[in-house]
1. Inspect the range 8-19 for any residue being within 30 Å of S168 (Cβ to Cβ) and open to solvent by less than 50 Å² (accessible area, probe 1.4 Å) and give the result as yes or no.
2. If the Cβ limit is 7 Å and pairs must be 6+ apart or interchain, which residue in the range 137-151 that is in contact (Cβ under 8 Å) with a residue 12 or more places away in the chain and open to solvent by 20 Å² or more (accessible area, probe 1.4 Å) pairs with which residue that is outside any loop (DSSP other than H, G, I, E, B) and among the hydroxyl-bearing types (S, T, Y)?
3. Residues of the range 161-175 being touching a residue at least 40 places away in the same chain (Cβ under 8 Å) and open to solvent by less than 70 Å² (accessible area, probe 1.4 Å), which ones?
4. Is at least one residue of the range 35-46 surrounded by fewer than 21 Cβ atoms within 10 Å (Cβ to Cβ), in contact with a helix residue (DSSP H, G or I) (Cβ under 9 Å, 6 or more places away or on another chain) and on the phi > 0 side of the Ramachandran plot?
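The values are calculated or read from the model by the stated rules, or taken from the named source; none is laboratory data. What you see is a predicted model, and the numbers here were worked out from it, not measured in a lab. Reconstructed Cβ throughout: ideal geometry from the backbone, glycine too, with neighbour counts over all protein chains shown. Heads up: the accessible areas ignore ligands, DNA and RNA and are worked out on the full protein's heavy atoms, side chains in. Shrake-Rupley method; radii C 1.70, N 1.55, O 1.52, S 1.80 Å.
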Amino acid sequence: MSVMLTEEELKNIIEESGIEDIVIKSWYKEFLLFCPKGRMDRKQFFKFYKSLRGKLEDVNLYKIIDYLFTSFDKNSDGFLDFSEFLIAYAATSKGEIRKKLEFVFLFYDRDKNGYINDKEFLRGVESIYAFRGKNRKEYPPKQCVRDIFNNIDSNGDSKLNKDEFIRSCLGNKKLLELLSPYDY
């Protein structure tokens, strides 16, 4: 993305996020204050995201920041441009539940191969436990992952695709709250 927001980029952001152009342009100015080159790295993302979600303690946000960054970084280049950031932020903070769940899926699918295996899932669940301050002894993350896989791996291939994951979370509010870093 260039430092100037093009009409095509603006149109795409409006379509993807549902945010009005005047609001997008205002956010873009704020974004450029944090990231004058028009894209942010993980460290800048942490500061910017924290400023938007001020109620989170630094220590809690650190538990999931790498996962959030990876799920927002659509092209996996190690940076977030404004479009990637705003579309993901809008979807995860104000978007419809299915759109949020697409980002929750990406939160767990670290290698972005379209599936969550048990190792990816365990690391993600452990970060969510730490983020939420959940008692690991009460319901150990390994047991949680095993139970979830047993219940929602509908085709028994030991990996979860996006449809299995989203369908299961939509059908089970407790599961949704357990697995997601976002508020509903």
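1. yes
2. Qualifying pairs under 7 Å: none.
3. Correct list: N161, F165, I166, C169.
4. yes
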